[in-house]
Amino acid sequence: MSHYDFVQNRECEFFPCHSGVAEEAFNCLFCYCPLYPLGEDCGGSFTYTPQGIKDCSGCCRPHVRGNYAAVMEQMDKVLALAKKP
């Protein structure tokens, strides 16, 4: 773990942008969840809109301070997807 595993942007007008995580523990590091491209294999809670778009607005998994390592463990899968033609 480094000092980059937890970031808070209290200047953001939406901070904290998800309910369900205590403000002092809310991690802004993954404002855009890096696991989004994994689709249903991301491990978070999400829904699909009627248009078929993945909606992660109800998911706190990447925003819980203690989940940093679990999110980073899946980055090899994300990078493999990025390399596919």
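The combined condition, being surrounded by 11 or more Cβ atoms within 10 Å (Cβ to Cβ) and basic (Lys, Arg), is fulfilled by Arg65.
The set of residues in the range 30-59 being of a type in the set (Gly, Ala, Ser), within 16 Å of Pro16 (Cβ to Cβ) and exposed (fewer than 11 other Cβ atoms within 10 Å of the Cβ) consists of Ser57 alone.
Can you spot a residue in the range 58-72 that is of a type outside the set (Lys, Arg) and more than 13 Å from the chain's Cα centre (by Cα)?
For the range 58-72, residues of a type outside the set (Lys, Arg) and more than 13 Å from the chain's Cα centre (by Cα): absent.
Determine, yes or no, whether Asn27 is surrounded by 12 or more Cβ atoms within 10 Å (Cβ to Cβ) and in contact with a strand residue (DSSP E or B) (Cβ under 7 Å, 6 or more places away or on another chain). Here the answer is yes, as Asn27 does meet what is asked. For beta carbons closer than 7 Å, sequence separation of 6+ or different chains, a first residue in the range 43-66 that is within 10 Å of Asn27 (Cα to Cα) and a second that is exposed (fewer than 11 other Cβ atoms within 10 Å of the Cβ) and at pLDDT 90 or above, there are no qualifying pairs. Residue-level check: of (1) in contact with a strand residue (DSSP E or B) (Cβ under 9 Å, 6 or more places away or on another chain); (2) assigned to a helix (DSSP H, G or I); (3) not hydrophobic (A, V, I, L, M, F, W, C), His18 misses just (2).
The values are calculated or read from the model by the stated rules, or taken from the named source; none is laboratory data. Every value quoted in this text rests on a predicted model; they were computed, and no experiment measured them. Every residue, glycine among them, receives a Cβ derived from its backbone with ideal geometry; neighbour counts consider all protein chains shown.
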